[in-house]
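**Q** Can you keep this structure in mind? I'll have questions shortly.
The values are calculated or read from the model by the stated rules, or taken from the named source; none is laboratory data. Quick caveat: nothing in here was measured; it's all calculated off a predicted structure. Neighbour counts are summed over all protein chains in view; Cβ atoms, including those assigned to glycine, are modelled from backbone coordinates with ideal geometry.
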Amino acid sequence: MSTVIVRDHRDAIEKGARLGYLARAAIFIVIGFFAFRTAFAGGDTISEREAISEIIATPFGSISLVLLVIALPAFAIWRLVQAVLDADGYGTSFKGLATRAGRLVSAFAYSFLAVYVGSILFGVSVGGSGGGSQILERWAQVFGPWLTIPLGLIMLGVAGSQIGKAYTGSFLRFVSLPPAQAAWMTIVCRMGLVARGIVFAAIAVLLLTGASRWNAAHPPGLEDGLEEIGSWPYGWLLLSATGAGLIAFGIYAIILARYGHIRSPDISSALK
C-alpha cells in the first residue's frame, strides 16, 4: 500500500514539473518576443507578470489562466524539491549548495507568480497596501541599499553560471535528447542559457552601479535588465539578440518538459 502512495506522489511531482516547464516556456517566449520587437519597432520590454497578462489576453486566455494556476505552483514545488531534497544530486559542496540555493530562490519567485495568477482567477487584490508590504518597504529604506551590492554579486554569479552551463554543456546531463534532433536542440539550449546569463549580468550592473536607486522592496527584474541592455552601445542589436535568446530559452524549457530527467526523491522517507 505505501509503495503505491510513494509512486503516486512521485508521478504527481513529475507531471507537475513538466507542466511547470511549459508555463515557464510560455512566459519567456512572450518576454523574448517583446524584447525582440522593442529593438526594431519600439515599444516597451515587459516583466513576468506582464507576460502572464499577455498570455491570458489571447483567445484561449481563460484556459491558459487555469493552466497557469495549476502549473506555476506545481513548478514552485518542484523547485523546492530540487533545493531541499537535492533531486538533481548536486550534493553539499559549495557549488552544489549555491546551485540549490538558486533553486530555492526560484521556488519563491514562482510562488509569487502563482499567487499573482491566482489573484487574477479569483479576483483577489494583491496590491502593496497591506501591512506586510509596508513593513518590508520601511525595512528596505534602512537596510536595502546595503543589500544591493551582495545581491548584485549574486546576480553576477548566476550570470556566470548560466553562461558556463552553455559553454560546458553541463545541462545535457539533465536531458535525453533524441539523436536525430540533438544537434539543433543543443544549439538552441546554449543560446537560451547565454541570453538568460546576459540578462542576469545586466541586472547585476543595475544593482552594483545604482545601489541608491534600488532596495529590497523594489529590486530590478527581467524588464529592467532588458531595458539596461537596450541602453548599452549597439543596444538595439544586443536587445534583439537577447530577445531571440530568451525565446530560445523558452524552447529550452519546452525541451526540458518533454525530455528532461525529473526524478523526485521519496519525500516520505526524506521527512522521516
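**Q** Here are the criteria: (1) over 27 Å from Ile198 (Cβ atoms); (2) part of a helix (DSSP H, G or I); (3) at pLDDT below 80. Tell me which single one Gly127 does not satisfy.
**A** (2)
**Q** In region 55-77, how many residues are surrounded by fewer than 17 Cβ atoms within 10 Å (Cβ to Cβ) and without any contact (Cβ under 8 Å) to a residue 40 or more places away in the chain?
**A** So the answer is 7.
**Q** Now a separate question. Take the residues in region 35-47 that are more than 14 Å from Phe249 (Cα to Cα) and not polar (S, T, N, Q), then tell me which one is surrounded by the most Cβ atoms within 10 Å (Cβ to Cβ). Let's see the steps before the verdict.
**A** Within region 35-47, the first condition is being more than 14 Å from Phe249 (Cα to Cα), and the residues that meet it are 37-47.
Next cut, not polar (S, T, N, Q) only: 37, 39-44, 46.
Details: Arg37: 16, Ala39: 23, Phe40: 11, Ala41: 7, Gly42: 7, Gly43: 11, Asp44: 13, Ile46: 21.
In this case the residue turns out to be Ala39.
**Q** Can you tell me how many residues within region 172-196 are without any contact (Cβ under 8 Å) to a residue 60 or more places away in the chain, of a type outside the set (Lys, Arg), part of a helix (DSSP H, G or I) and over 22 Å from Glu223 (Cβ atoms)?
**A** Adding up the residues that qualify gives 6.
**Q** Do the conditions hold for Leu222, that is, is it under 18 Å from the mean Cα position of the chain (by Cα), among the aliphatic types (A, V, I, L, M), modelled with pLDDT under 90 and at negative phi?
**A** yes
**Q** Just checking, which of Gly152, Gly197, Gly230, Gly164 is buried (at least 16 other Cβ atoms within 10 Å of the Cβ) and either modelled with pLDDT of 95 or more or among the basic types (Lys, Arg) (or both)?
**A** Answer to the selection: Gly197.
**Q** Which residue is farthest from Phe108 (Cα to Cα), if the candidates are limited to region 36-71 and must be out of contact with any Ser or Thr (no Cβ under 8 Å at 6 or more places or on another chain) and outside any helix (DSSP H, G or I)?
**A** Gly42
**Q** Identify, please: which residue in region 81-95 is assigned to a helix (DSSP H, G or I) and touching a helix residue (DSSP H, G or I) at 6+ places or on another chain (Cβ under 8 Å) and is, among those, surrounded by the fewest Cβ atoms within 10 Å (Cβ to Cβ)? It would help to see each step written out before you state the result.
**A** Within region 81-95, the subset assigned to a helix (DSSP H, G or I) is 81-84, 94-95.
The next check asks that each one be touching a helix residue (DSSP H, G or I) at 6+ places or on another chain (Cβ under 8 Å); those that pass are 81-84.
Working: Val81: 24, Gln82: 23, Ala83: 22, Val84: 15.
For region 81-95, the residue satisfying everything is Val84.
**Q** Within region 99-106, is even one residue part of a helix (DSSP H, G or I), touching a Gly at 6+ places or on another chain (Cβ under 8 Å), within 22 Å of Ala257 (Cα to Cα) and at pLDDT 90 or above?
**A** No, because not a single residue in region 99-106 is part of a helix (DSSP H, G or I), touching a Gly at 6+ places or on another chain (Cβ under 8 Å), within 22 Å of Ala257 (Cα to Cα) and at pLDDT 90 or above.
**Q** Further, regarding this structure: Tell me, yes or no, whether region 151-164 has at least one residue that is touching a helix residue (DSSP H, G or I) at 6+ places or on another chain (Cβ under 9 Å), in contact (Cβ under 8 Å) with a residue 12 or more places away in the chain and not in a helix (DSSP H, G or I).
**A** No.
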